[in-house]
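J.: Let me give you the structure first, and then I'll get to my questions.
Read-outs: derived from the displayed coordinates by stated rules, not from any lab. For clarity, every value in this text was computed on a predicted model and none was experimentally measured. All Cβ positions, even for glycine, are placed from backbone atoms using ideal geometry, and neighbour counts span all protein chains on display.
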Amino acid sequence: MRTRSRSPPLSVQAPVGAGRGRRRARSTKEGAMASPMSAGRFLAVLRAEGATVVEVGDWEHHNRNHVGAWGPVHGVMIHHTVTKGSAATVELCRKGYTDLPGPLCHGVITKDGTVHLVGYGRANHAGLGDDDVLRAVIAEKALPVDNEANTDGNRHFYGFECENLGDGEDPWPAAQLTAIEQVSAAVCRYHGWTERSVIGHLEWQPGKVDPRGFTMAWLRGRIRERLK
Ligand SMILES: [Zn+2]
């Protein structure tokens, strides 16, 4: 629920017909603007933000939509992979593994800052998380501590996996951090969201520690500056 003005339903719906191409969102978390953007638009907004993007295979149609819903979308989730080696990391995130089929995210951000698109639609990245956190993300309020795993996050979050060992020592190169900032800002800009719609996996699901090596508060600060 939003705390600001309560828009009547009509003002939510009005931009749907008129607004294609005009992305001035007001009812950003409800109504039309919570619909996932198309794959083509996703690619375009990432590039428009300055990201270096590579398309991997048939990423536009590689998803888990056959097992569950995709959308409405409410935010962006950042992860680390606990892997080493860019090619192997991209392939793992595209294919997944026996217990967790791919895609494991939408974009893989390798150490060099390249964004590899491996899937689009529902992806196995967020898993079950805390409904109180989802409500806070929707309202763009400060996040409560995640202490429940009761809500499907794969439905509601764009996901980026970032190549890093996740041991707190493996460095995060500047190019990679810039790319994380760019892709996050790109999605927020499209949907009319603030940096508060970008969370780490560790803020969503109890027991998760990713991303490790920088704080989400710091990343959100960079995204906020970029969105000004
Ligand atoms: Zn994760």
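J.: Quickly rank 191-198, 159-166, 129-136 as a protection proxy: mean count of other C-beta atoms within 10 Å, highest first. Don't skip to the end; give the middle numbers.
T.: Values: 191-198: 21.6, 159-166: 24.1, 129-136: 19.6.
Sorting 191-198, 159-166, 129-136 by mean packing, highest first, produces 159-166, 191-198, 129-136.
J.: Please work out how much length the chain gains when fully extended from S86 to T194, using 0.36 nm per residue of separation minus the C-alpha to C-alpha distance, in nm with one decimal.
T.: 35.9 nm
J.: Name all residues of the range 51-92 having a backbone nitrogen under 14 Å from the label point set 7 Å from the Cα of D167 along its Cα→Cβ direction, giving them as ranges.
T.: 82-85
J.: Also, I was wondering about something else. What shape does the range 135-228 take by its C-alpha gyration tensor, where a ≥ b ≥ c are the square roots of the eigenvalues and a/c under 1.5 counts as rounded, a/b above b/c as prolate, and the rest as oblate? Intermediate values should be presented prior to the final figure.
T.: On the way: a/c = 1.74, a/b = 1.06, b/c = 1.64.
Here the range 135-228 falls in the oblate category.
J.: What translational diffusion coefficient, to the nearest whole µm²/s, does the chain have by Stokes-Einstein, given a Kirkwood radius computed over alpha-carbon pairs, a temperature of 37 °C and 0.692 mPa s viscosity?
T.: Details: Rh = 17.5 Å.
In µm²/s, the coefficient rounds to 188.
J.: Quick one: W204, W70, fewest Cβ neighbours within 10 Å first, how do they rank?
T.: Working: W204 28, W70 17.
Result, fewest neighbours first: W70, W204.
J.: Starting with the fewest neighbours, write out Y158, Y190 ranked by other beta-carbon atoms found within 10 Å of each beta-carbon. Write down the numbers at each step before the final one.
T.: Details: Y158 28, Y190 20.
Fewest-to-most ranking of Y158, Y190: Y190, Y158.
J.: Just tell me which lysines come within less than 20 Å, Cα to Cα, of K208; anything on the same chain fewer than 8 places away is out.
T.: Correct list for K208: K84.
J.: With each run of n ≥ 4 DSSP H residues scored as -39500 (n - 2.57), what mean residue ellipticity at 222 nm is computed for the chain after dividing by its residue count and rounding to the nearest 500 deg cm²/dmol?
T.: On the way: 6 runs with 69 residues, N = 228.
Result for the chain, helices only: -9500 deg cm²/dmol.
J.: Using only Cα atoms, locate the centre of the range 166-228 and the centre of the range 35-88, then give the distance between them in Å, rounded to an integer.
T.: Result: 15 Å between the Cα centres.
J.: While we're on this one: Students often forget the sequence filter, so: which aspartates and glutamates lie under 20 Å Cα-Cα from K111 once same-chain residues fewer than 8 apart are removed?
T.: E49, E55, E91, E161, E163, D167, E169, D170, E181, D210
J.: Could you name the aspartates and glutamates in cross-link range of K141, using Cα to Cα under 14 Å and dropping any fewer than eight places away on the same chain?
T.: D131, D132, E195, E203
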